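Notes follow once the structure below has been shown.
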Amino acid sequence: MKRPVYLDYNATTPIDPEVAKEMIPYIESIYGNPSSSYSIGRSNKEAIEKARAQIAELINCDPDEIYFTSCATESNNMAIKGIAWANRHKGRHIITSAIEHPAVTEVCKFLSLQGFEITYISVDQFGMLDPKQIKKAIRPDTILISIMHANNEVGTIQPISEIGAIARHNNIVFHTDASQSVGKIETDVNKLKVDLLTIAGHKLYAPKGIGALYIRKGTKIENLMHGANQEKGIRPGTENVIHTVGLGKACEVALRDFKQNQHNMLVSRDRLLNGLVSQLGNRVHVNGNLKNCLPNTLSVAFENISAHALASFISNDILISTGSACHSGETTISSVLQAMNLDFRTATATVRISTGKHTSEEEIDFAIEVLVNAINKLSL
Ligand code: PLP
C-alpha cells in the first residue's frame, strides 16, 4: 500500500494508465497540427473526432455537440457568459444556486456587474434545493438556469431532470456543471434534460488542462474567444490533442467500467463511515444525505476537532480536505456549508473524504485507524 493514502478524489484523480498509454503516441511522434491536410495532421484530427465520439457515448449526445475546452472553469464560463451574451436582448435574469463552485458563482458575479441580475436559490440542511423554488424564481426575463449536478464538497445530487423539465416548459436554457458527477453517476443529457453540461477531465482520470462542454444542437451561444475555425469557431485555438485523446479514453473507460467503479467507490466510502461510527459513535456527524449523494463522497464533522489540525496531523498517512479555509489565523467556512446552515463549530470540524475507483479495503482500514487515533489524540 502506497503512503500517504490519497482520499481526495474530488479534488483531482490520477491519470488512468490506459489513458496515459493512449496519449503517448501523440506526445512522442504524432505531432501534426489537426488543421493540416497531410497525414500527421489528419491523424490528429481523427484522434480528436474519436475522443469527441467517446465522450458523446458516455453522456448520450451526438459527437458534434461536444466542444473541447481547457478545464471545467472554462466550460462554465463559456456556457454562462455565452448564453447570457447571446440572449441579452431577450432578458438579463439568471437563476443559479447558493452552493455552486466559484467557477459558476464568480461568473455570475461578473455578469451582475454587466447589468445581469442573478437569483441564488437556497438549499436545505442536506444541500438539496427544491425545484419549486426555481419555478417561483422564473421571470419573463429569465434567460438561463445553471445548477450543478453534484456538489463537490458534500456530494449532494440535485434533481436536475425535474429542473430541466421546468426550464423546458418555460423555454429557458438550462446548464449543469457536471464536473463531479461524470463517471460517478449517470449523466445522460437527455434524461437530465439539459442544454449545456460541463465536463472536467481531471476529475475522471484524464489529465488536468482538458475539459469539455456539451451544447445541445440549436442552442444559441456567443464565443468567449475569437480566432480561427477550430471547434466550429466556437472555441478557436489549435487543439490540445494529447489531452483531448486522454479525455476521450477516460470517458470510454468510465463507461466500460461504470458499474464496477460505482460499486467500489460506494463500498469503500461506506466501509469508511461504518468503521468511523463503530469506533467514534456519536462524535461523527455526517453532512448531507447519503441516500442522495455521490457514491464516493463523505463530508463528515468530528466533535471537538479542528478539521485543519486533523488534516495536517495525518497528512503523512492520509490526504483529505477540509470544509473551511484558514488564512492568516482566521478561519472562514465554505459557502456550501454556510448555505446548508451548518453552525461554525461543525463547519470548522468538517473534512471531505472522497474515495476513488481503485480505493482498496486495506487503504480504508488504514484510514480508519489513522483517523480514530488522531481524533482521540487531538480531542484530549
Ligand atoms: N465545478 C466543480 C463542481 C468542481 O468541483 C470544480 C473543481 O473542483 C470545478 C468546477 C473547476 O474545475 P477546474 O479547476 O478543473 O476548472
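Amide H to amide H, with H built 1.01 Å from N, residue 117 comes under 5 Å of 93, 94, counting only residues 5 or more places away or on other chains. For the chain, relative contact order (Cα pairs under 8 Å, six or more residues apart, normalised by length) works out to 23 percent. The 1.4 Å probe gives accessible areas that order 358, 243, largest first, as 358, 243. In the chain, the DSSP-assigned H stretches of four residues or longer account for a calculated mean residue ellipticity at 222 nm of -12500 deg cm²/dmol, using -39500 (n - 2.57) per stretch and the full residue count as denominator.
Shape class for the chain: oblate, because the ratio a/c of the largest to smallest gyration tensor axis (alpha-carbon atoms, square roots of eigenvalues) is 1.5 or more and b/c is at least a/b. For residue 50 and residue 338, the difference between the fully extended length at 0.36 nm per residue and the C-alpha to C-alpha distance is 99.4 nm. Here the stretch 221-380 is treated with +1 on each Lys and Arg Cβ and -1 on each Asp and Glu Cβ, and its dipole about the Cα centre works out to around 280 debye. Extending 7 Å from the Cα toward the beta-carbon at both residue 135 and residue 12 defines two label points whose distance is 4.3 nm. Computed about its Cα centre, the charge dipole of the chain is approximately 840 debye, with only Lys, Arg, Asp and Glu carrying charge at their Cβ.
The residues 365, 317, sorted by heavy-atom accessible surface at 1.4 Å with ligands and nucleic acids left out, run 365, 317 from largest to smallest. For the stretch 144-159, the Karplus equation 6.51 cos²θ - 1.76 cosθ + 1.60, evaluated at θ = phi - 60°, returns couplings of 8, 10, 10, 10, 5, 6, 9, 7, 6, 8, 10, x, 4, 9, 7, x Hz by residue, with Gly and Pro reported as x.
To put it simply, the accessible area of the stretch 17-256 at a 1.4 Å probe is 53 percent carbon and sulfur.
In a DSSP loop and with at most 12 other Cβ atoms within 10 Å, the chymotrypsin sites (Phe, Trp or Tyr not before Pro) in the stretch 28-135 are 38. Taking 131, 295, 207 as the candidate residues, the one with maximal mean-square fluctuation in a Gaussian network model of the chain, Cα springs under 10 Å, is 131.
The values are calculated or read from the model by the stated rules, or taken from the named source; none is laboratory data. None of the values given here were measured: they were computed from a predicted structure. Cβ sites come from the backbone with ideal geometry, for glycine too, and all protein chains shown count toward neighbours. These area figures cover heavy atoms from the full protein model, side chains too; ligands, DNA and RNA do not enter into them. Shrake-Rupley method; radii C 1.70, N 1.55, O 1.52, S 1.80 Å.
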